[in-house]
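Student: Have a look at this one before I ask anything.
The values are calculated or read from the model by the stated rules, or taken from the named source; none is laboratory data. Being a predicted model, the structure only gives us computed values, none of them experimental. Cβ: placed from backbone, ideal geometry, glycine included. Neighbour counts: every protein chain shown. All accessible areas refer to the heavy atoms of the entire protein, side chains included, with ligands and DNA or RNA removed. Shrake-Rupley method; radii C 1.70, N 1.55, O 1.52, S 1.80 Å.
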Amino acid sequence: MKKKVFVALSSFARHGQAPVELLKKSGFEFVLNTSGKRLGSQEIIAMAVGADGIIAGLEVYDRAVLEGLPRLKCISRCGVGTDNIDLAAARIKGITVVNTPDVVVQPVAELTVGFVFDLLRSLTRQTEDMRSGGWVRHTGYLLSSKTVGVLGLGRIGRRVAELFKRLDAQVIGYDLQPDQAWADKAGVAVVSKEALLSRSHVLCVHVACADGAPAVVGAGELASMKKGAFLVNVSRGQAVDETALLDALKNNHLAGAALDVFAQEPYNGPLSQLPNVLLTPHVGSLTHESRAQMETEAVENLLKVLSGFSVV
Ligand code: DGY
């Protein structure tokens, strides 16, 4: 019996045919998600029926979904985060979970840099203003006179820190397990979480989030930030308490924020009403170049696992 692969990504192969060609060459049967949207649990179970492997996006693979797919042997994430997968249940059911952690680094880091320049120079705000006939000139801030704090010095956080160093910002960072050798080489000062919050003019959040874990940046952390600071979150919506962030922006404790990720996606909440908040719909890794590479790697990883080669 032919092995079967379900591709849950709604935009699969939009950035090049290479991943589809790989699937065709594998000889495995494959089914694509043609709904054009992120799938719900019942839809995954229905569309992936009989699947040995899934190329997965951010849709949720909880215990019920995994139990609904008894043949499943591998979930290959096109991306880095696996917080949408019940890893404990996957382990018990013998499902291997693989991801593409390296490809996402540069696009997410570049989006972070873009957000920071936009916040410091009010690019989007002034564009919106001119579109409605205005000519209001906002005085910006120099990045090179600011301290950028990086919360979470994993692959992406380290890259962000390196890019900001090259742009002449002061860069400080915090991580539970910092790589001191890297920090010394990069010229990044590793500080306590308290110091990071109180010293940063711009706080960039790059943490991994376990399902159900409390926000890493909650009301207390926001209150400890410098008055007039900016916050950028491109990691996971759950990392920052959105209600507390809304308060901190409304009472002018923070000067602005840029968010690519939200606790509930798609997001349509009150943060979108604030003029000093930049919002993008979870596009951190979504560039033509990285997306094509991520999809190809996700297919390669899946094929390796289903053919019995270890990639973990
Ligand atoms: C990731 O890689 O987890 C990004 O959030 C996009 O999928």
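Student: So how far apart, in nm, are the two label points at Ala181 and Met1 if each is 7 Å from Cα heading toward Cβ?
Tutor: 4.9 nm
Student: For the pair Gln17/Leu279, report the inter-label distance in nm, with labels modelled 7 Å from Cα in the Cβ direction.
Tutor: 3.8 nm
Student: Could you calculate, for segment 1-105, the ratio of the Cα radius of gyration to the Kirkwood radius, expressed as Rg to Rh?
Tutor: Rg divided by Rh gives 0.93.
Student: Taking θ as phi - 60°, what are the ³J(HN,Hα) couplings along segment 190-199 by the Karplus curve (6.51, -1.76, 1.60), each to the nearest whole Hz, with x for Gly and Pro?
Tutor: Coupling constants for segment 190-199: 8, 10, 6, 4, 4, 5, 4, 5, 7, 9 Hz.
Student: Expected output is a single nm value to one decimal: the length gained when fully extending between Lys250 and Glu67, i.e. 0.36 nm times separation in residues minus the C-alpha distance. What is it?
Tutor: 61.4 nm
Student: Here's another thing I want to ask about it. Who wins for biggest fluctuation among Ala255, Ala109, Ala13 in a Gaussian network model of the chain, springs between alpha carbons below 10 Å?
Tutor: In this elastic network of the chain, the residue with the biggest mean-square fluctuation among Ala255, Ala109, Ala13 is Ala13.
Student: How big is the chain on each of its three principal axes, counting only the C-alpha atoms and giving the largest first in Å?
Tutor: So the extents along the principal axes, rounded to whole Å, are 65, 50, 32.
Student: Here's another thing I want to ask about it. Just tell me which lysines come within less than 21 Å, Cα to Cα, of Lys226; anything on the same chain fewer than 8 places away is out.
Tutor: Lys146, Lys165, Lys193, Lys250
Student: Considering only protein heavy atoms and a probe of 1.4 Å, how much of the accessible area of the chain is carbon and sulfur, as a whole percent?
Tutor: 53 percent
Student: Among Phe117, Phe230, Phe164, which one moves the most in a GNM of the chain with springs linking Cα atoms closer than 10 Å?
Tutor: Phe117
Student: Right, another one. Could you work out the relative contact order of the chain? I mean the mean sequence separation of Cα pairs under 8 Å and 6+ apart, divided by the number of residues, in percent.
Tutor: This gives 17 percent for the chain.
Student: For segment 242-290, what relative contact order do you get, as a whole percent, if you take Cα pairs closer than 8 Å and at least 6 residues apart?
Tutor: 36 percent
Student: At 1.4 Å probe radius, can you tell me the per residue accessible area of the chain in Å²?
Tutor: 48 Å²
Student: Pick out the long, greasy-scoring helices in the chain: whole DSSP H runs spanning 20 Å or more along their own axis by Cα, mean Kyte-Doolittle at least -0.5. Numbers along the way, then the final one.
Tutor: Working: long enough: 105-121 (24 Å, 1.05); 288-306 (27 Å, -0.46).
Within the chain the helices that satisfy the rule are 105-121, 288-306.
Student: Who wins for biggest fluctuation among Asn251, Asn84, Asn276 in a Gaussian network model of the chain, springs between alpha carbons below 10 Å?
Tutor: Maximum fluctuation in the GNM of the chain, among the listed residues, is at Asn251.
Student: Determine the calculated [θ] at 222 nm for the chain from helices alone, applying -39500 (n - 2.57) to every DSSP H run no shorter than 4 residues and normalising by the residue count; nearest 500 deg cm²/dmol. Display every interim value, and only then the final one.
Tutor: Details: 12 runs with 113 residues, N = 312.
After summing the helix terms and dividing by residue count, I get -10500 deg cm²/dmol.
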